[in-house]
Amino acid sequence: MGNEDYSSMRELFDIIWGPTSSDTFGSSYPEMVLTYINSVGRDEYLGYIIDDIDGFLKKYPDNGSASAAFDHIFGLPGFSLRFPPTLTVFLNWLSSYLKELAQQ
């Protein structure tokens, strides 16, 4: 399946939405993600994030298991609740958005 520790996905979420994040990335999800991706470079790294998200969703396709695993990965109970309407909907959007960016 790929990287089971989801390090690229974890880094993205830690920096943009983690406990020590700031508002420097923007006010909307697309703006926040684009600002972060532009700061680290798109090329190979973008593919790693997409692979992590897609692998995570393949392993945890329903919101209940995905939320539990996500909260465990980050060590933050309830962290998955920060992403409306549900974590799996958000992650599917994020994966699609990142794939669009990769095409640019």
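Every number here is computed from the coordinates shown, using simple stated rules; none is lab data. Since the model is a prediction, treat every value here as computed from it, not as a measurement. All Cβ positions, even for glycine, are placed from backbone atoms using ideal geometry, and neighbour counts span all protein chains on display.
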Label-point separation (nm) for ASP14 and VAL40, each offset 7 Å from Cα along Cα-to-Cβ?
1.0 nm
Virtual spin-label span in nm between SER7 and GLN104, 7 Å along Cα→Cβ:
2.7 nm
